[in-house]
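**Student:** The structure is given below, and queries will be raised subsequently.
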Amino acid sequence: MLSPYRVLDCTDDRGHLAGMLLAQLGADVVLIEPPEGSGARRKGPYAGDQPGPDNGLWHWAYNRGKRSVTADLSTEAGRQRLRTLAASADVLLWSGRPGDLPLAYEQLADVNPGLVMVAMTPFGLEGPKADWAATDMVVCAAGCQLALTGNSDMPPLRIGAPQGYVHGAADMAVAAMIGLTERRRSGRGQLADVSAQVSVMQASFGYTINAAWNAPLMRRSGDSIDFGDYKVRWTYPAADGEVSITLLFGAAMKEFTANLFQWIWEEGGCDEATRDKPWEDLWVRIMSGLEPATEPDRLADVIAAFTSTRTKAELAAEARRRRVLLAPIATLTEVMENDHLAERGFWDVVRPAGALRDHRLPGRFVVASGSPLRPLPPPPMLGAHTDEVLTEANRPTASAGRTAEGGGAGAGDDHALAGLKVLDLTWSIAGPFVGRGLADFGATVVKVETHKRPDITRTASPFHPLADKHPMEGSGLHANTHAGKLGLELDLSTPEGAEVLWDLVRWADVVLESFSAGALERMGFGYARMAEVNPSVILLSTCLPGQTGSLELPGYGNLSTALFGFTSTTSWPGRASSGPFGAYTDVISPRFGLLAVLAALDHRERMGLGQHLDLSQAEASLHFIAPALLDAEVNDRDVSAQGNSDAEMAPHGVYPLAGDDCWIAVACETDEEWRSLAAEMGRLDLAGMSTAERLVKRDELDQLVANWTRPQSGEELQAQLQKLGVSAHQVQNSPECLADPQLAHRGHYLTVEHHLLGPVLIEGPRFKLSRTPGKTVVPGPSYGQHAQEVLGGLLGYDSDRIAVLAEAGALG
């Protein structure tokens, strides 16, 4: 899809995923490395546990398909080499702290006005925290993810495979594509500013707005979802491990929960009264006092007694037959042996330099019918392509010869995706976030839904104080997830409703759907029929397992999170798996969906053809834990329960502060940082400890730091440690995020007008573009809110035709 483009990858290990994804899409990605090599080459784990420039599994995971050029960007000669290469590049990716940026965007734009530059920093290029240091765990503390993960009786817990910066790296790739899309119209490049803090906040599912909606805070509760007065447990014991079960109630979930308790009853595990609970109304009954608040706990105990006597495989097989939302909690070794992934041909098989045999690495993140992603070759040896790339330095860029239409878009006078038309048939979280991302940057997105199958976001907290007056319209999750979209209520089971849908397909550039695998085809709206009425349409189908393969996995991202390795990597020693929070793959996969859609649009611009994009949320998400998967593949080693310990840093943990459930994340990456921290704690006697010595005594140091932080204030202590150059940040939940001066500086939170609820707070776009910034001005729509605008304005129906549709029941 992206074969015309050259990308300069000046990132370190924090951002390398971005360039790898663009390489999968066909771009020529040139990795600019310092003479000693990228930090990813020296980041463990290592193949065979043997450190070396070609043995780092981070390097294997995220630098495949790239060409390596060396340049010391701290010198004028190195910066001149970068200028030379930038003159013929389309995209430049960079990661680090703002003060380390080798050349400002304006300096690069002087030699190439069409260059799209994407910079990822911990907190953003500007603002009161722009120069703060942040390890992966510290970013997660600032971005609310830590506050939501772990057991309530333990400190907040990081995910076992580092996640903070890969969220930002995935956003980098999307930002690059949005910049290139806008450049096709204006002929001009621009700067994209990605904050890893803001990127990782997507893992909170938008719950950082809870305090502004006067709703209870979401908190970590181990293997449960904490709804304040009651908890819903998702992790259950099996005879040989653990399984994840989606135990939820309401109209969207009643079938699955009824199936589960019918099964348990048949096996003698519950009485008829439990089997026949009013599953659709159970939430309401609990909240109104008709059922005790302890009822979810009792139901969970019934389930646990049932599952504990059966193996993961036995439970999974029967759950599939009965349509029960259950999945085994798989180790990474079990993920590597997953039959479904093998059947779908997911793995790339390569032999990196120095390896004694071929190895399987995570492969294409989407199956594209018209322009398949290419398998990536092994990562490059250091500097292997320096001479080759320098001889190509005068190649024309993909925008060469293009002129800006009408002078191009000026600062803030246009949207990057203006004119893009999107039909959004998605529901829940993963699919809707794709439509939200397109709407954020100017696309016209029409959200189609029906009362008959309520979107789960309408039934989930936080709820507005006026929610009782406006049933199904008061959810902050819905307002946030579907912001910027037009709402049309349409009953596709009626002939008249189906006819409207076909007109929308003719109108659309892109169609998004997130039904179960094959469901859209069974409904009569599959890609082949869409292509007949609109040959240029791009259809993105996103579901947990993908459209093909042996795995039938209906349900939500907590099941794929369990089945594909995230859950098993997140726990304290001796405790049950306790994370990640929520349906985690639902917040990872939308970046991959956005990237696939934007790349397919770019391909269509040149080739004139649409295509079907099959996005398995599970497969795409595996790229976020690729180094850990490689450790299992290459070294036969699973990530063990490690709490907040780190293999390369000590101290590295989350420590108590004064106040109720208040914590601070602190990490010492270097001996210098440790010396500063030891001196501040009044322990100069320990300041000379090396990293190796500190790793041996990490438990003692954790206790020392915890005793020192316990009486202190989070805001004051984080500022004090940052002045010393120590990476630290208080663990932020909704109130702290809403009060964060850095997020305020970026304008991350927006107050918008809901036509039923009045002013409400939602989140803004995930990153900032310098010339065509994203702008979201409306919350998610109410049912059918924009019927006249869509039917009369976009489709051109007259009032008589709209009245006929209403009389036929098509608009309900």
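The values are calculated or read from the model by the stated rules, or taken from the named source; none is laboratory data. All figures in this text were calculated on a predicted structure; none of them were measured in a lab. In this analysis, Cβ positions are derived from the backbone assuming ideal geometry, glycine residues included, and neighbour counts consider all displayed protein chains. The accessibility values were calculated without ligands, DNA or RNA, using every heavy atom of the protein model including side chains. Shrake-Rupley method; radii C 1.70, N 1.55, O 1.52, S 1.80 Å.
**Student:** Against the conditions (1) under 27 Å from residue 296 (Cβ atoms); (2) open to solvent by less than 10 Å² (accessible area, probe 1.4 Å); (3) of a type in the set (Gly, Ala, Ser), where does residue 186 fall short? Just the number, please.
**Tutor:** Result: residue 186 passes all but (1).
**Student:** Moving to a separate point now. How about the stretch 457-491: which of its residues are of a type in the set (Lys, Arg), open to solvent by less than 30 Å² (accessible area, probe 1.4 Å) and in a loop (DSSP other than H, G, I, E, B)?
**Tutor:** Passing the criteria: only 485.
**Student:** When you go through 604, 575, 591 one by one, which is the residue that is crowded, with 22+ Cβ neighbours inside 10 Å and of a type in the set (Lys, Arg)?
**Tutor:** Numbers: 604 fails: crowded, with 22+ Cβ neighbours inside 10 Å; 575 fails: crowded, with 22+ Cβ neighbours inside 10 Å.
Matching residue, one of 604, 575, 591: 591.
**Student:** Can you say whether residue 170 is within 28 Å of residue 706 (Cβ to Cβ), touching a residue at least 24 places away in the same chain (Cβ under 8 Å) and not basic (Lys, Arg), as far as the supplied structure shows?
**Tutor:** Working: within 28 Å of residue 706 (Cβ to Cβ): no; touching a residue at least 24 places away in the same chain (Cβ under 8 Å): yes; not basic (Lys, Arg): yes.
Criteria not met by residue 170.
**Student:** Something else now. Go through 615, 601, 595 for me and flag whichever is modelled with pLDDT of 95 or more and under 16 Å from residue 432 (Cβ atoms). Even if it seems obvious, please write down each step before you answer.
**Tutor:** On the way: 601 fails: under 16 Å from residue 432 (Cβ atoms); 595 fails: under 16 Å from residue 432 (Cβ atoms).
Step by step, each of 615, 601, 595 is checked, and only 615 is modelled with pLDDT of 95 or more and under 16 Å from residue 432 (Cβ atoms).
**Student:** Also, quick follow-up: Do we find a residue being within 30 Å of residue 265 (Cα to Cα) and assigned to a helix (DSSP H, G or I) anywhere in the stretch 322-334?
**Tutor:** So far as the stretch 322-334 goes, yes, one or more of its residues are within 30 Å of residue 265 (Cα to Cα) and assigned to a helix (DSSP H, G or I).
One line per residue, one yes/no per condition, for (1) within 19 Å of residue 477 (Cβ to Cβ); (2) among the hydroxyl-bearing types (Ser, Thr, Tyr); (3) assigned to a helix (DSSP H, G or I):
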position	(1), (2), (3)
573	no, no, no
580	yes, no, no
586	yes, no, yes
590	yes, no, yes
603	no, no, yes
612	no, no, no
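**Student:** Output the number of the condition that residue 317 fails; it satisfies all remaining conditions of (1) closer than 24 Å to residue 567 by Cβ; (2) part of a loop (DSSP other than H, G, I, E, B); (3) modelled with pLDDT under 95.
**Tutor:** (2)
**Student:** Now a separate question. Out of all the residues in the stretch 183-201, which are in contact with a strand residue (DSSP E or B) (Cβ under 9 Å, 6 or more places away or on another chain) and within 15 Å of residue 767 (Cα to Cα)?
**Tutor:** 190, 191, 192, 193, 194, 195, 196, 197, 198, 199, 201
**Student:** Moving on to the next point. Looking at residue 348, is it at pLDDT 95 or above and surrounded by 22 or more Cβ atoms within 10 Å (Cβ to Cβ)?
**Tutor:** Values: at pLDDT 95 or above: yes; surrounded by 22 or more Cβ atoms within 10 Å (Cβ to Cβ): no.
Against the criterion (at pLDDT 95 or above and surrounded by 22 or more Cβ atoms within 10 Å (Cβ to Cβ)), residue 348 does not qualify.
**Student:** Is it the case, given these coordinates, that residue 777 is part of a loop (DSSP other than H, G, I, E, B) and surrounded by fewer than 17 Cβ atoms within 10 Å (Cβ to Cβ)? Explain how you work it out, then say what you get.
**Tutor:** Numbers: part of a loop (DSSP other than H, G, I, E, B): yes; surrounded by fewer than 17 Cβ atoms within 10 Å (Cβ to Cβ): yes.
So residue 777 passes the test.
**Student:** Please pick out the residue among 672, 633 that is part of a helix (DSSP H, G or I) and farther than 30 Å from residue 64 by Cα.
**Tutor:** Details: 633 fails: farther than 30 Å from residue 64 by Cα.
After ruling out the rest, the residue left standing is 672.
**Student:** Let me ask something else about it. Can you run down the residue pairs with Cβ atoms below 7 Å, 6 or more apart or on separate chains, where the first is in the stretch 468-495 and modelled with pLDDT of 95 or more and the partner is among the acidic types (Asp, Glu)?
**Tutor:** Final answer for the pair search is 478/455; 480/763; 484/440; 485/424; 486/789; 489/449.
**Student:** From (1) surrounded by fewer than 24 Cβ atoms within 10 Å (Cβ to Cβ); (2) of a type in the set (D, E, K, R); (3) under 28 Å from residue 719 (Cα atoms); (4) under 25 Å from the mean Cα position of the chain (by Cα), pick out the condition that doesn't hold for residue 43.
**Tutor:** Evaluating residue 43 over (1) surrounded by fewer than 24 Cβ atoms within 10 Å (Cβ to Cβ); (2) of a type in the set (D, E, K, R); (3) under 28 Å from residue 719 (Cα atoms); (4) under 25 Å from the mean Cα position of the chain (by Cα) leaves (3) as the failure.
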